[in-house]
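J.: Mind having a look at this structure? Questions to follow.
The values are calculated or read from the model by the stated rules, or taken from the named source; none is laboratory data. Source: prediction; values computed, not measured. Glycine gets a Cβ as well: all are built from the backbone with ideal geometry, and neighbour counts include every protein chain shown. Areas reflect the complete protein model, heavy atoms only, side chains present, ligands, DNA and RNA absent. Shrake-Rupley method; radii C 1.70, N 1.55, O 1.52, S 1.80 Å.
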Amino acid sequence: MPELANARDTAEIIRKYGFSVQKRFGQNFLIDEHVLDKIIDAAQIDKSDGVIEIGPGLGTMTRRLGELAGKVVAIEIDRQLIPILSDTLSDCDNVKVINADVMKTDLKLLIDEEFGDMPVKVVANLPYYITTPIVMNLLEGRLAIDSITIMIQKEVAERMRALPGSKDYGALSLAVGYYADAYIAANVPPNCFMPRPKVGSCVIRLTVLKNPPVSVRDEKQMFALIRGAFNQRRKTLVNAVSNYEGLSFNKDEIEEALKELDLSPSIRGEALDLRQFAALSDVLT
Ligand code: SAM
């Protein structure tokens, strides 16, 4: 079986099956062995682990995951790829491929049925058109997973682990920080994929936290406040949140709450960290 993580074998498989690459599914196949090694190293997988791979593509990373993990379940949306995967993974007994959209898959049920008590890790070279919804689905679903190691667009990776005050800091940084510890394992240039994406990429590992780093009485309200604050990020927090239709606080109430926390009434959302958003939400509850 070819190693696949190189341009020659990838082009050969594509030609052999007359496969046409689907832009709409974000298909950029990995063709660099060293980058594959970096993802695998960052994921820290052993035989006791179960792995969910999102978007196995031609099976390049799936084969490696099968060698290292106890069991792999790979979820692929593109039905054209299923016969190719049956071929490229024909000797991988512990790999199961499911033809489905990960956004419409009940992952809680899948984990229960496929992995039982095994620790579960998610590993993927994600389709870039849908990165944030997939990641938020995995985190907000409070699934029994230990970590998420993914290749994503560099700009999104930078937003995920940005700190207050920086230009990349926003609702995504706060949401990821609430659920996970983020670590960037590698920067990856476009020439490591076929076809080449227009943007640079990063391998990022999100280690899922057992408990959130802050406690808040109403988690939903805190995230609504965060969304409101960054919805109009050039405005003060008071103006942005009071205009936000997902919430019904008026300017006076928000100013009063900020005062109670010793924060300026003209502060912007980008200056508050997670602990301060949690405190603001509790004062407003
Ligand atoms: N893992 C392969 C690799 O590294 O070469 C392919 C990665 S490619 C960037 C993204 C893969 O995700 C494609 O195979 C694509 O068809 C699949 N995909 C896109 N949207 C999906 C979805 N909603 N659910 C499951 N798979 C999806």
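J.: Please check: in the Gaussian network model of the chain (C-alpha springs, under 10 Å), which one of L30, L274, L174 has the largest mean-square fluctuation.
T.: L274
J.: GNM, the chain, Cα, under 10 Å: largest mean-square fluctuation among V72, V123, V21?
T.: V21
J.: Right, another one. I'd like to verify something in the chain: which complete DSSP H helices, judged by Cα projection on the helix axis, reach 20 Å or more and average at least 1.0 on the Kyte-Doolittle scale?
T.: Flagged H segments: there are none.
J.: Extension gain D262-Q22, at 0.36 nm per residue separation less the Cα-Cα distance, in nm?
T.: Gain on extension, D262 to Q22, equals 81.1 nm.
J.: Relative to the compact globular guide of 2.2 N^0.38 Å, what is the alpha carbon radius of gyration of region 33-184, as a ratio? Don't skip to the answer; put the middle values down first.
T.: On the way: Rg = 15.3 Å, N = 152, 2.2 N^0.38 = 14.8 Å.
So region 33-184 has a normalised radius of gyration of 1.03.
J.: Which one, T88, A74, I145, is farthest towards the positive end of the dipole of region 33-168 when Lys and Arg carry +1 and Asp and Glu -1 on their Cβ?
T.: Result: I145.
J.: Tell me the label-point distance for the pair Q80, D101, using the 7 Å Cα-to-Cβ offset, in nm and rounded to one decimal.
T.: Label-label distance for Q80 and D101, simple model: 1.8 nm.
J.: Another one. Can you list the residues, at least 5 places off or on another chain, whose amide H is less than 5 Å from the amide H of D49, using H built in the peptide plane?
T.: When sequence neighbours closer than 5 places are left aside, the close amide H contacts are G70.
J.: Ignoring ligands, DNA and RNA, please state the percent of accessible area on the chain from carbon and sulfur, probe 1.4 Å. Provide the component values of the computation, followed by the final result.
T.: On the way: 6500 of 13540 Å².
Taking all protein chains in place, the chain shows 48 percent carbon and sulfur surface.
J.: Would you mind getting the accessible area per residue of the chain, heavy atoms of the protein chains only, 1.4 Å probe, in Å²? Don't skip to the end; give the middle numbers.
T.: Details: 13540 Å² over 285 residues.
Computed with neighbouring chains in place, this is 48 Å² per residue.
J.: Give, as a single signed number, the net charge of other residues whose beta carbon lies under 9 Å from the beta carbon of D168, with Lys and Arg counted +1 and Asp and Glu -1.
T.: +1
J.: A follow-up question, please. How large is the charge dipole for region 66-224, taken about the Cα centre, if only the Cβ atoms of Lys, Arg (+1) and Asp, Glu (-1) carry charge, to the nearest 20 debye?
T.: With only Lys, Arg, Asp and Glu charged at Cβ, the dipole is about 660 debye.
J.: Just reorder I184, I254 by solvent-accessible area, largest first, 1.4 Å probe, all chains present. Spell out each step's value before the answer.
T.: Values: I184 35, I254 0 Å².
Ranking I184, I254 by accessible area, largest first, yields I184, I254.
J.: Roughly how big is region 219-284's charge dipole about its Cα centre, with Cβ charges of +1 (Lys, Arg) and -1 (Asp, Glu), in debye to the nearest 20?
T.: Computed about the Cα centre, the dipole is about 360 debye.
J.: Rank these residues by their accessible area, most exposed first, probe 1.4 Å: V283, V216.
T.: I get V283, V216, largest accessible area first.
J.: Under a point-charge model restricted to the Cβ atoms of Lys and Arg (+1) and Asp and Glu (-1), what is the dipole moment magnitude of the chain relative to its Cα centre, in debye to the nearest 20?
T.: Dipole magnitude for the chain comes out near 900 debye.
J.: On to the next question. Total Lys pairs in region 7-208 closer than 15 Å by alpha-carbon, pairs eight or more apart in sequence or interchain only?
T.: Values: K23/K198; K47/K71; K47/K121; K71/K96; K71/K121; K108/K121; K154/K167; K154/K198.
Lysine pair count for region 7-208: 8.
J.: Rounded to the nearest 10 Å², what accessible area does R159 have for a 1.4 Å probe in the complete protein model?
T.: Looks like 80 Å² after rounding.
J.: Also, quick follow-up: I need the P(r) histogram for the chain: all alpha carbon pairs, bin width 10 Å from 0 out to the longest distance, whole percents.
T.: 6, 27, 30, 19, 12, 5, 1
J.: Name the most mobile residue of K154, K121, K38, meaning the one with the largest mean-square fluctuation, in a Gaussian network model of the chain with Cα contacts below 10 Å.
T.: K38
J.: Helix-derived [θ] at 222 nm for the chain: sum -39500 (n - 2.57) over DSSP H runs of at least 4, divide by residue count, nearest 500?
T.: Here the helix-only value at 222 nm equals -11500 deg cm²/dmol.
J.: Could you work out how much longer the chain between D181 and L109 gets when fully extended? Use 0.36 nm per residue separation minus the Cα distance between them, nm to one decimal. Before the final figure, lay out each step's value.
T.: On the way: separation 72, 0.36 × 72 = 25.92 nm, distance 2.51 nm.
Result for the pair: 23.4 nm of gain on full extension.
J.: I've got another one for you. Using R₀ = 35 Å, calculate the FRET efficiency as 1/(1 + (r/R₀)^6) where r is the Cβ-Cβ separation of K251 and L209; round to 0.05.
T.: Efficiency computed from Cβ-Cβ geometry: 0.55.
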